[in-house]
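Trainee: Below: one structure in structure tokens.
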Amino acid sequence: MPRVETGRKRRSALSILAVLIGLVAGFGLAEGLTRLLFPAFDPSGRFEFTYPVGSLLLGKPGTEARQVKNTGDYDVAVHINSHGLRDANDVATAGSDDILVVGDSFTWGWGVEAQDRFSDQLQILTGRRTFNLSTPTDIDGYAALLDYARKLGSRAGRVVIAICMENDLHLYGDAPQGGPPPDSGSALKEWLAGHSALYLLAVTTVQQTPWLRDLAVKAGLIVPNLEGIAKNDYDPAIIDSSANHLKEIAEQYRTLVVLIPSRALWVGNSRSRAIEDRVHTAFIVALQRRGIDVLDLQPVLEAQLAPLAYHFANDGHWNVRGHALAARAISQHLAR
């Protein structure tokens, strides 16, 4: 009997192993065919921030890739210069009459071609060379980017800092930066998006097929764009800390702070919108009390009564219209 039982266990183990080998081989074949038949979904051609510069992650120097949204909102080219920046101008040559534009993914030009970003449009409107120093980061990172530019040889004195009101306000250096624990599901999705053409094909198909997308939303696999907006709490300590950090930068450069309003001003219930409006107004006051020049884009975006029309339908960043509107407002402010 023991021999019979051992034989059964061995056969079961071999069966399971055969199934696993078959699944791996099947997925491998499907992955290879996807890359062969649908090269647009090959993740090796998609852009990532992988070049470390101190605490920052920039683009790998010399990169030529594409940034694609699986909902179909955008598919744009990304060219990274020798410094890891998405800029045709060399910041090492920046002089006192030039403008450094610093910000996060909004300013970097997420989802739009480089020439359509507000920084590039600002160069045309002002007639002054404009350099884009941007990467997904926060106010700490903006200071680090300016230090990086200075080390490269930049001598620019005029700086435009774009503050994203959805995620830039924190307690800087005053308390530990908390936050939610790592999301293993998001990490897996990120890994698959960077390594599997089959995964990218599947999620694109789901996102662009209405009935499949509706099922995915109901199952909690997809969070609708406007339901995933980061919300602010009114906290004077956070407002003061963020304003103080910007003042440290403004003491070194002629600085204009441009506020990119949170979309939460225009969606959600009346209570949450009121909190966002209170935070937004209080931050403007805090900056002005510190003598910082501020351009608030909220009234600019609301002037046409459809502020969300300047964002992508399925992505929180500005579309081409949003960048053009911001460029005009900034150039007019600088001229005054």
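The values are calculated or read from the model by the stated rules, or taken from the named source; none is laboratory data. These numbers were taken from a predicted model, which means no experiment stands behind them. Don't worry about glycine lacking a Cβ; one is built from the backbone with ideal geometry, like all the others, and counts go over all protein chains shown. For accessibility, only protein heavy atoms count, side chains too; no ligands or nucleic acids. Shrake-Rupley method; radii C 1.70, N 1.55, O 1.52, S 1.80 Å.
Trainee: What is the number of the single condition among (1) open to solvent by less than 30 Å² (accessible area, probe 1.4 Å); (2) assigned to a helix (DSSP H, G or I); (3) free of Cβ contacts under 8 Å to residues at least 60 places away in the same chain that Val294 does not meet?
Mentor: (2)
Trainee: Continuing with the same structure: Please enumerate the residues belonging to the stretch 297-314 that are modelled with pLDDT under 95 and surrounded by 15 or more Cβ atoms within 10 Å (Cβ to Cβ).
Mentor: Once the filter is applied, which keeps residues that are modelled with pLDDT under 95 and surrounded by 15 or more Cβ atoms within 10 Å (Cβ to Cβ), the stretch 297-314 yields only Asn314.
Trainee: For the stretch 110-131, how many residues meet the condition of being within 18 Å of Gly59 (Cβ to Cβ) and in a helix (DSSP H, G or I)?
Mentor: 5
Trainee: Those residues that are at pLDDT 70 or above and in a helix (DSSP H, G or I), I need them from the stretch 36-55; list them, please.
Mentor: Scanning the stretch 36-55 gives Ser44, Gly45.
Trainee: May I ask you to list the residues in the stretch 97-111 that are crowded, with 23+ Cβ neighbours inside 10 Å, under 22 Å from Arg263 (Cβ atoms) and out of contact with any Gly (no Cβ under 8 Å at 6 or more places or on another chain)?
Mentor: Those that are crowded, with 23+ Cβ neighbours inside 10 Å, under 22 Å from Arg263 (Cβ atoms) and out of contact with any Gly (no Cβ under 8 Å at 6 or more places or on another chain): Val101, Val102, Gly103, Phe106, Thr107, Trp108, Gly109, Gly111.
Trainee: Checking the conditions here, which among Ala237, Ala286 is open to solvent by less than 10 Å² (accessible area, probe 1.4 Å) and over 17 Å from Val101 (Cβ atoms)?
Mentor: Ala286
Trainee: In the stretch 145-173, how many residues are of a type in the set (Gly, Ala, Ser) and surrounded by 18 or more Cβ atoms within 10 Å (Cβ to Cβ)?
Mentor: Here the count works out to 4.
Trainee: Hey, can you tell me all the residues within the stretch 266-283 that are in contact (Cβ under 8 Å) with a residue 40 or more places away in the chain and closer than 21 Å to Tyr310 by Cα?
Mentor: Result: Trp266, Val267, Glu276, His280.
Trainee: Which number in (1) modelled with pLDDT of 95 or more; (2) open to solvent by 40 Å² or more (accessible area, probe 1.4 Å); (3) closer than 26 Å to Glu248 by Cα marks the one condition that Phe131 misses?
Mentor: Result: Phe131 passes all but (2).
Trainee: Out of all the residues in the stretch 83-120, which are among the small types (Gly, Ala, Ser) and either under 17 Å from Leu146 (Cβ atoms) or more than 19 Å from the chain's Cα centre (by Cα) (or both)?
Mentor: Residues satisfying the conditions are Gly84, Ala88, Ala92, Ala94, Gly95, Ser96, Gly103, Ser119.
Trainee: Name the pairs whose Cβ atoms lie under 7 Å apart, with the first residue in the stretch 93-116 and under 16 Å from Val160 (Cβ atoms) and without any contact (Cβ under 8 Å) to a residue 40 or more places away in the chain, the second of a type in the set (S, T, N, Q) and buried (at least 17 other Cβ atoms within 10 Å of the Cβ), and 6 or more positions between them or separate chains?
Mentor: Close Cβ pairs (under 7 Å, with a partner that is of a type in the set (S, T, N, Q) and buried (at least 17 other Cβ atoms within 10 Å of the Cβ)) amount to Trp108/Ser134; Trp108/Thr135.
Trainee: Sort out which residues of the stretch 227-247 are in contact with a helix residue (DSSP H, G or I) (Cβ under 7 Å, 6 or more places away or on another chain) and either over 30 Å from Lys189 (Cβ atoms) or not in a loop (DSSP other than H, G, I, E, B) (or both), and write them in order of number.
Mentor: Tyr234, Ile239, Asp240, Ser242, Ala243, His245, Leu246, listed by residue number.
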